[in-house]
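The values are calculated or read from the model by the stated rules, or taken from the named source; none is laboratory data. Here the structure is a predicted model, which means the values were calculated and not measured. Backbone-built Cβ (ideal geometry, glycine too); neighbour counts: all protein chains shown. Accessible surface areas use protein heavy atoms only, side chains included; no ligands, DNA or RNA. Shrake-Rupley method; radii C 1.70, N 1.55, O 1.52, S 1.80 Å.
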Amino acid sequence: MTEEILTKLKKNEIRTVSRLMSLIENGQSDSEEIMNMLYAHAHQAIRIGVTGPPGAGKSTLSDGLIKEFRSEGKTVGVITVDPTSPFSGGAFLGDRIRMNKHSLDEGVFIRSMGSRGYMGGLARTSHYLADIIACTGKDYILFETVGVGQAEVEIVKNVDITIVILVPESGDEIQVMKAGPVEIGDIFIVNKSDREGANRITQLINDYLEKTSLDKEFIPEVIQTVATEGRGIKELFHQCNKLLQQFKNSGTFKLRRLEQYKTRVRNAVREELEKYFWTKEKEALFQKELMYLKQDNLSPIKAARQLIKNIATSPRHVGGDELKENWNNAP
Ligand SMILES: Nc1nc2c(ncn2[C@@H]2O[C@H](COP(=O)(O)OP(=O)(O)OP(=O)(O)O)[C@@H](O)[C@H]2O)c(=O)[nH]1
Ligand SMILES: [Mg+2]
């Protein structure tokens, strides 16, 4: 069955892609075997993170990048994470309108995700979706996330190259630092450069990068763009390709892939342990017992340690009474 899915993915069958994605997003347990199999076929695509504050022009810029990739005959997948919507699956309205023009293009696949409600965690789910897209043979996968929120940042940290977008309104240095995960940027964009203050913020970012990049492999470039008019997009596209080549030559690309792998494993361990820990029974008892506990006597960390100690000695088989006793005897 899994082989059949892979064959369909390789043929770029959209129905299979969508169905598989829904399966993953709903945390269906039988999807794990499929994903394990797909992983080996998901290495070819280059993963690019696009991040920045809300409304900075991430989608407009991604759209411009898609056009550049397409004009070079390259295929692209896009995963956008919409922080405000708990829903997933359907494209977010704004993105749908903006990226609509690609909907008939088989070389482009776009998927929006809500940022909440993923049993397996947002970062894990988004990279699973990327694995699926990669199996359809796409050359590039763009991840669009806002640069706030740990889960969102985690996604764009875990890619081959990261583009951080700022706008003239990002203002002074403090604002710039707050606007996104500045330390992870490989390329910086000052979008909306048709607005006042673009040069000032470009200077600020350049100064900041010079100060902080002393021990790094390179100082990231800052590029001014007007995404709505397509200005600066070619430059960004070329810079992306140049950096990727540089990373491949220097070994950085391989190192980053190794880091990505480690991060994915680490995240999976954390998520698996938590899933393993919070059995239905334990959750129910925990909810119930908490109401009767003298909470001022038992600090949360002590309570957690008691629960963990309990699970360590008899994993998965902790009976209600045992747990209750543990709670009651907790110092
Ligand atoms: N003046 C100007 N407006 C722009 C530029 N780029 C994008 N915009 C506008 O800014 C608004 C937000 O653009 P989006 O591309 O949706 O920004 P985003 O970062 O994807 O937004 P979210 O996904 O909601 O965080 C839209 O109205 C765009 O038309 C630009 O270079 N100049
Ligand atoms: Mg957007």
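Quick look at the values:
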{"read-out": "The range 42-270: relative contact order as a whole-number percent, Cα under 8 Å and 6+ apart", "value": "25"}
{"read-out": "Shape category assigned to the range 20-74 from the gyration tensor of Cα positions, a/c cut at 1.5", "value": "oblate"}
{"read-out": "Protection proxy ranking of 104-111, 161-168, 4-11, 275-282 - average other beta-carbon atoms within 10 Å, highest first", "value": "161-168, 104-111, 4-11, 275-282"}
{"read-out": "Estimated inter-spin distance, Lys280 and Ser29, nm [label 7 Å along Cα→Cβ]", "value": "1.0"}
{"read-out": "The range 212-269 versus the range 30-87: alpha-carbon centroid distance in Å", "value": "15"}
{"read-out": "Placed amide H near Thr80: partners under 5 Å, 5+ positions off or other chain", "value": "Arg111, Ser112, Met113, Glu144"}
{"read-out": "Rounded accessible area per residue of the range 42-270, 1.4 Å, Å²", "value": "45"}
{"read-out": "Largest-first principal axis extents, alpha carbons of the range 42-270, Å", "value": "41, 38, 35"}
{"read-out": "Cut-off under 5 Å, modelled amide H: who pairs with Arg231 long-range", "value": "Val226"}
{"read-out": "Normalised contact order of the range 149-261, rounded percent, pairs of Cα under 8 Å and 6 or more residues apart", "value": "26"}
{"read-out": "In nm, spacing of pseudo-spin labels at Ser299 and Glu259 (7 Å Cα→C-beta vector)", "value": "3.5"}
